[in-house]
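Where a number appears in this text, it was derived from the coordinates with a stated rule and is not lab data. Bear in mind the structure is a predicted one, so any value in this text is a computation, not a measurement. Neighbour counts are summed over all protein chains in view; Cβ atoms, including those assigned to glycine, are modelled from backbone coordinates with ideal geometry.
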Amino acid sequence: MAPTKSSRVDHPVSLYAASKRAGELIAESYRRVYGLSTVGLRFFTVYGPWGRPDMAAYLFTDAILAGRPIKVFNQGHMERDFTYVDDVVSAVAAAAALRLPPGEHRLYNIGNNRPEKLLDFIAVLEQALGRTAGREMLPMQPGDVPSTYADIETAQRDLGYDPKTPIAEGVPHFVAWYRRYHGVD
């Protein structure tokens, strides 16, 4: 089930999730103390040019091009709401344009609302790279979950958020950028 704005997130299973929740709580406290309006955005597996090098798209691309096997956790039985960076930028711009009354707080999930199987993501990446990945199949990592995706209904309503980039389009854009940026074939 996709987390909604009202989903309980008081018991995170990882340090990463705990740090995200801590940031939301700090913003909420700041809002209450100073009467400011705040908008929080929960991003779901963002990838694309200039992406984080610790995320799957970057890690897998680097390993495949270097001839190293990729680490595939939970034997590949994972789903993620891969969200292309251009779609995220549109959400950030819309959120920045919101004019909320003082003291109001809004929280939005920013993702595709369509979980993709990790093995499908890898297949699209292999096709874009023109190479097959060696795979080191591993058990689930502690603190990880088998599936994540965003309930974006509130972001659609309030921000006009409408993610448009499927992995079949976004992954090749990322690969083209990666090759240019790192100067690799």
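Structure values in brief
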quantity	calculated
Aspartates and glutamates whose Cα lies under 18 Å from that of Lys20, excluding same-chain neighbours fewer than 8 positions away	Asp10, Glu28, Asp54, Asp81, Asp144, Asp151
Neighbour-count order for Thr154, Thr83, Thr45, fewest beta carbons within 10 angstrom listed first	Thr154, Thr45, Thr83
Estimated Rh, segment 87-185: Kirkwood, alpha-carbon pairs, angstrom	16.4 Å
Listed residues Gly103, Thr132, Ser19: farthest to the positive end of the dipole of the chain (Cβ charges)	Gly103
Simple label model, 7 Å out from Cα along Cβ direction - Asp158 to Tyr181, nm	3.0 nm
Between 0 and 90°, nearest 10: helix 118-129 axis offset from the chain longest Cα axis	60 degrees
Listed candidates (1) 208; (2) 119; (3) 133 - label of the one calculated as volume of the Cα convex hull per residue in Å³	(2)
Which of Ser37, Ser19 has the fewest Cβ neighbours within 10 Å, and the rest in rising order	Ser19, Ser37
Helix 85-97 axis, angle to the chain major axis (alpha carbon atoms, nearest 10°)	10 degrees
